[in-house]
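Everything on this sheet refers to the single structure shown next.
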Amino acid sequence: MSTSDELKTQGNDHFVSGAYAEAIKSYSSAIDTFGPTAVLLTNRAAARIGLEELALARDDATAAI
(Lines give C-alpha, C1' and ligand atoms only; values in the text may rest on other atoms or scores of the structure.)
Protein backbone atom coordinates (compact mmCIF):
# COMPACT_ATOMS: atom_id res chain seq x y z
CA MET A 1 0.00 0.00 0.00
CA SER A 2 1.26 3.45 -0.86
CA THR A 3 1.53 6.29 1.60
CA SER A 4 0.00 9.70 1.04
CA ASP A 5 3.43 11.13 0.22
CA GLU A 6 4.14 8.37 -2.30
CA LEU A 7 0.83 9.00 -4.05
CA LYS A 8 1.49 12.75 -4.03
CA THR A 9 4.92 12.18 -5.54
CA GLN A 10 3.41 9.94 -8.23
CA GLY A 11 0.87 12.65 -8.95
CA ASN A 12 3.58 15.28 -9.14
CA ASP A 13 5.59 13.16 -11.58
CA HIS A 14 2.52 12.71 -13.79
CA PHE A 15 1.76 16.43 -13.58
CA VAL A 16 5.27 17.43 -14.66
CA SER A 17 5.06 15.11 -17.65
CA GLY A 18 1.68 16.55 -18.65
CA ALA A 19 -0.29 13.41 -17.76
CA TYR A 20 -2.95 15.39 -15.93
CA ALA A 21 -5.57 12.62 -15.82
CA GLU A 22 -3.06 10.26 -14.20
CA ALA A 23 -2.04 12.99 -11.77
CA ILE A 24 -5.68 13.45 -10.77
CA LYS A 25 -5.98 9.70 -10.16
CA SER A 26 -2.94 9.71 -7.87
CA TYR A 27 -4.05 12.78 -5.92
CA SER A 28 -7.60 11.42 -5.66
CA SER A 29 -6.32 8.09 -4.36
CA ALA A 30 -4.36 9.90 -1.66
CA ILE A 31 -7.38 12.04 -0.75
CA ASP A 32 -9.77 9.06 -0.69
CA THR A 33 -7.42 6.87 1.34
CA PHE A 34 -5.79 9.32 3.73
CA GLY A 35 -8.16 12.29 3.74
CA PRO A 36 -7.97 15.69 2.09
CA THR A 37 -5.13 18.10 2.70
CA ALA A 38 -4.66 21.56 1.26
CA VAL A 39 -1.63 20.39 -0.72
CA LEU A 40 -3.40 17.41 -2.28
CA LEU A 41 -6.47 19.47 -3.13
CA THR A 42 -4.49 22.33 -4.70
CA ASN A 43 -2.34 19.87 -6.66
CA ARG A 44 -5.46 18.16 -7.96
CA ALA A 45 -6.95 21.56 -8.81
CA ALA A 46 -3.86 22.41 -10.85
CA ALA A 47 -4.11 19.13 -12.75
CA ARG A 48 -7.80 19.79 -13.38
CA ILE A 49 -6.93 23.21 -14.80
CA GLY A 50 -4.56 21.40 -17.16
CA LEU A 51 -7.55 19.41 -18.44
CA GLU A 52 -9.74 22.54 -18.44
CA GLU A 53 -12.03 21.05 -15.78
CA LEU A 54 -12.43 24.50 -14.32
CA ALA A 55 -15.53 23.95 -12.18
CA LEU A 56 -13.93 20.93 -10.52
CA ALA A 57 -10.68 22.84 -10.08
CA ARG A 58 -12.58 25.64 -8.37
CA ASP A 59 -14.27 23.12 -6.06
CA ASP A 60 -10.91 21.64 -5.05
CA ALA A 61 -9.36 25.07 -4.54
CA THR A 62 -12.31 26.18 -2.42
CA ALA A 63 -12.11 23.01 -0.32
CA ALA A 64 -8.38 23.61 0.19
CA ILE A 65 -9.09 27.02 1.69
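Summary table below
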item	result
The chain, helix-only ellipticity at 222 nm - DSSP H runs n ≥ 4, -39,500 (n - 2.57), divided by all residues, nearest 500	-25500 deg cm²/dmol
Convex hull of Cα atoms in the chain, direction-averaged projection (nm²)	3.6 nm²
Long-range HN-HN contacts of ALA19 with modeled amide H, under 5 Å	none
Percent carbon-and-sulfur accessible area, the chain, ignoring ligands, DNA and RNA, probe 1.4 Å	56 percent
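The values are calculated or read from the model by the stated rules, or taken from the named source; none is laboratory data. Since the structure is predicted, the reported quantities are computational estimates derived from the model, not experimental observations. We work out accessible area using only protein heavy atoms, side chains counted, and drop any ligands, DNA or RNA first. Shrake-Rupley method; radii C 1.70, N 1.55, O 1.52, S 1.80 Å.
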